[in-house]
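**Q** Have a look at the structure that comes next, please.
The values are calculated or read from the model by the stated rules, or taken from the named source; none is laboratory data. In this text, all values refer to a predicted model and were calculated from it rather than measured experimentally. Every residue, glycine among them, receives a Cβ derived from its backbone with ideal geometry; neighbour counts consider all protein chains shown. Note: areas computed on protein heavy atoms with side chains; ligands, DNA, RNA excluded. Shrake-Rupley method; radii C 1.70, N 1.55, O 1.52, S 1.80 Å.
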Amino acid sequence: MLWLAFRMLFQERGSLAITLVGIVFSTVLTLVEVGIYLGMMGNATSVVRHTDADIWVASKNVPNFDFMQPFPAYRINRVRALDEVLWAEKIHLWFSFLKLADGRREQIQMIGFNPDTGIGGPWAMAAGKPADVKGGHYIIMDQSSIQRLGKLELGSMWEINLFNKEQSFKLVGLSREALSFTTIPVVFTSYNEMDHSLMGSNFEGNTSFVVVKLKDPTKTDSVAQSLRAMLPNNDVYTRQEFIDRTVNYWTIQTGIGLAFFLTAILAVLIGGAIVGQTIYAGTIEHLRDYGTLKAMGAKNDDINLVILTQAAVSAVLGFAIGVLVTLASRHGIETAGVSMQLPLLLFAVVFAIIVATCLAAAYISVRKVKTLDPVMVFRE
Amino acid sequence: MDKLILETRAVNKIYGAGAAQVAALQSASVTLTQGKVLLIMGPSGSGKTTLLSIMGCILRPTFGDVVVHGRNISACDERELASIRRRYFGFVFQAFNLFRSLTAQENVEVVLRMKGRSKQRIHAEAADLLDRVGLARRAHAYPRDLSGGEKQRTAIARALAGDPPIILADEPTANLDSKTGRDILQLLRGHAQELHKAVTIVSHDPKVEEVAHRVIYLEDGRLKS
């Protein structure tokens, strides 16, 4: 019967093409939508994920990584006083403006990190090294910013308005993969340089985050609990908690993630409807064939196998083509400045959804065949 | 003596309920023997196809028994009936009912595959059957490329596939010209005699009587002798 399923499927290429269009549409839209969502969430949490810290101390009620509030930097001393702490580092995160050659201003996200340890700094470099920002007005820009900022030439000078002071910075390195959720360009500099810039401002002596590495990472929860008691005016998160909080904020509180998921669900539903309709139409078209098979002694299970096999083969083919289309369009999408993450798990989940949708659509046809009266084969 | 292969005992088929009840078949008793052609004649709506469907274990009678190869099939479930149809029956349909995505040879192979023939034998057996109905040279043609006569020959080859003892043919000449129709009837009669098949033909065409060993008439669901 499998043989018959394949012969019927591939001989009727028109029906197959329509079915495949539905499945490819579903696959591509779902993969792209979820891939972009994951890319955005990846960007929103990239610094947290790539910083080798077990605990993040932030200002009170900080909703995500980007929306920090400054707090007194001396609180790091209380953190360092704990026996369980291997090291603790401060990280600055401020939004400022960068002046372009044509006079335009672009908002940037400036991250100040300790160049001696690299903690909180760029994790992948296209040119230069993180330590190059040490000892002066030096910056590392992410090469993904080229679209917004233009050519990024090593050694070029950039004017940045930091805490209402125009300052010139020399570009000494290019990072990779350091993107923000808001697509604002990410610029790294040394923590001390930013600290100096804060002098005289209302934020002098403040920091944005304190990140903590423990001697024994298995004690993360208990140490985080102790820190919460010690620092009642701060939020203390484990690394995963901070990632989850950031993702939850962008997904649920802003509704952006839900919008993406809704589109992905609609893609599956619309694709499923197209597939269901073509499979059902195909069944109706072959009703006489199935009736003939039943008259000749085929069991319902045999005919169900034909229909379900055709649906499953269509699902696999459509999914494979959809994956190829998605991968082929990925470069174009990312070149346009949109990040995409396509982990293997996503492919596995979408594959399972597509196959399940096709089989569910075929099940409607199976029910029709179950009630098929083989006497119909004698009618002309 | 010819061997009895199928028997219907006072079968009735009633459709609907209450005032809308229609008796499509009333107390019809028929026997089929090997090597003989039985012709069931009657006007449209007389119950010919209903009787053929009951004889072919496709339709269950409301009352009465059907005995196939000595087994009363009244208590059989759908799976058993399917198995009986696969083993004992070959069908020839008025509209040919060939699978359009399959070649003539593949149409025959479908039945052989359903009957569990080994892959090595399927191809040779299907080719042999097509040769027997004079269609060896058209084995790889699709139904859309076959004439009406060729389609019906393919359908007969398919009905003979797996060597079932009973062939049931519903109006096998209705969609054919008279010469082709005669050829098809001769082919059925020849197979009944040479291969010892019990052939039943349903038709309202009087010319079919020439090939029948026995003729029964149906009128308003009742057999007339």
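**Q** Identify, from the list B:K151, B:K224, B:K197, the residue that is of a type in the set (K, R) and surrounded by fewer than 20 Cβ atoms within 10 Å (Cβ to Cβ).
**A** B:K224
For (1) among the small types (G, A, S); (2) assigned to a strand (DSSP E or B); (3) open to solvent by 70 Å² or more (accessible area, probe 1.4 Å); (4) in contact with a Ser or Thr (Cβ under 6 Å, 6 or more places away or on another chain), each residue gets a yes or a no:
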{"position": "A:Q107", "(1), (2), (3), (4)": "no, yes, no, no"}
{"position": "A:D116", "(1), (2), (3), (4)": "no, no, yes, no"}
{"position": "A:W123", "(1), (2), (3), (4)": "no, no, no, no"}
{"position": "A:D132", "(1), (2), (3), (4)": "no, no, no, no"}
{"position": "A:M141", "(1), (2), (3), (4)": "no, yes, no, no"}
{"position": "A:S145", "(1), (2), (3), (4)": "yes, no, no, no"}
{"position": "A:R148", "(1), (2), (3), (4)": "no, no, yes, no"}
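**Q** State whether the residues of the stretch A:33-52 include one that is of a type in the set (A, V, I, L, M, F, W, C), under 30 Å from A:L327 (Cα atoms), surrounded by fewer than 21 Cβ atoms within 10 Å (Cβ to Cβ) and under 21 Å from the mean Cα position of the chain (by Cα).
**A** Yes: one or more hits.
**Q** Please determine, by comparing only the residues of the stretch B:187-203 that are hydrophobic (A, V, I, L, M, F, W, C) and part of a helix (DSSP H, G or I), which one is modelled with the highest pLDDT.
**A** B:A192
**Q** Related question: Anything in the stretch B:17-39 that is without any contact (Cβ under 8 Å) to a residue 12 or more places away in the chain and either outside any helix (DSSP H, G or I) or under 18 Å from B:L6 (Cα atoms) (or both)? List them, or say none.
**A** Within the stretch B:17-39, B:A17, B:Q21, B:V22 qualify.
**Q** Are any residues in the stretch B:55-76 over 19 Å from B:K197 (Cβ atoms) and either within 11 Å of chain A (Cβ to nearest Cβ) or touching a strand residue (DSSP E or B) at 6+ places or on another chain (Cβ under 8 Å) (or both), and if so, which ones?
**A** Across the stretch B:55-76, the qualifying residues are B:L59, B:R60, B:P61, B:T62, B:F63, B:G64, B:D65, B:N72, B:I73, B:S74.
**Q** Do the conditions hold for A:V57, that is, is it open to solvent by 10 Å² or more (accessible area, probe 1.4 Å), away from chain B (no Cβ under 14 Å) and either of a type in the set (V, I, T) or under 30 Å from B:S118 (Cα atoms) (or both)?
**A** Here the answer is no, as A:V57 does not meet what is asked.
**Q** Identify, from the list A:F10, A:F65, A:F6, A:F25, the residue that is touching a residue at least 12 places away in the same chain (Cβ under 8 Å), surrounded by fewer than 17 Cβ atoms within 10 Å (Cβ to Cβ) and either out of contact with any strand residue (DSSP E or B) (no Cβ under 6 Å at 6 or more places or on another chain) or within 14 Å of chain B (Cβ to nearest Cβ) (or both).
**A** A:F6
**Q** Also, quick follow-up: Check B:E80 against each of (1) away from chain A (no Cβ under 14 Å); (2) open to solvent by 40 Å² or more (accessible area, probe 1.4 Å); (3) not in a loop (DSSP other than H, G, I, E, B) and name the one condition it does not meet.
**A** Condition not satisfied by B:E80: (1).
**Q** Restricting to the stretch A:324-380, name every residue that is within 14 Å of another protein chain (Cβ to nearest Cβ) and either in contact (Cβ under 8 Å) with a residue 12 or more places away in the chain or open to solvent by less than 40 Å² (accessible area, probe 1.4 Å) (or both).
**A** Once the filter is applied, which keeps residues that are within 14 Å of another protein chain (Cβ to nearest Cβ) and either in contact (Cβ under 8 Å) with a residue 12 or more places away in the chain or open to solvent by less than 40 Å² (accessible area, probe 1.4 Å) (or both), the stretch A:324-380 yields A:V369, A:K370, A:L372, A:D373, A:P374, A:V375, A:M376, A:V377, A:F378.
**Q** Of B:P206, B:P143, B:P165, which residue is modelled with pLDDT of 85 or more and either over 27 Å from B:S101 (Cβ atoms) or hydroxyl-bearing (S, T, Y) (or both)?
**A** Within the list B:P206, B:P143, B:P165, the selection yields B:P165.
**Q** On the given criteria, is B:A124 open to solvent by less than 10 Å² (accessible area, probe 1.4 Å) and among the hydrophobic types (A, V, I, L, M, F, W, C)?
**A** Judged against the criteria, B:A124 is not a match.
**Q** Moving to a separate point now. Quick one: A:V247 ticks every box in (1) more than 26 Å from A:W94 (Cα to Cα); (2) within 26 Å of the chain's Cα centre (by Cα) except a single one, so which number is it?
**A** Every listed condition holds for A:V247 apart from (1).
**Q** Anything in the stretch B:107-119 that is open to solvent by 20 Å² or more (accessible area, probe 1.4 Å) and more than 7 Å from every other protein chain (Cβ to nearest Cβ)? List them, or say none.
**A** Answer for the stretch B:107-119, where residues must be open to solvent by 20 Å² or more (accessible area, probe 1.4 Å) and more than 7 Å from every other protein chain (Cβ to nearest Cβ): B:K115, B:G116, B:R117, B:S118, B:K119.
**Q** Still on this structure, I have one more. If I ask for residues that are out of contact with any helix residue (DSSP H, G or I) (no Cβ under 9 Å at 6 or more places or on another chain), assigned to a strand (DSSP E or B) and farther than 24 Å from A:N43 by Cα, which ones from the stretch A:162-179 would you list?
**A** Result: A:E166, A:S168, A:K170.
**Q** With A:A264, A:A315 as the choices, which residue is surrounded by 15 or more Cβ atoms within 10 Å (Cβ to Cβ), touching a Cys at 6+ places or on another chain (Cβ under 6 Å) and more than 14 Å from chain B (Cβ to nearest Cβ)?
**A** Answer to the selection: A:A315.
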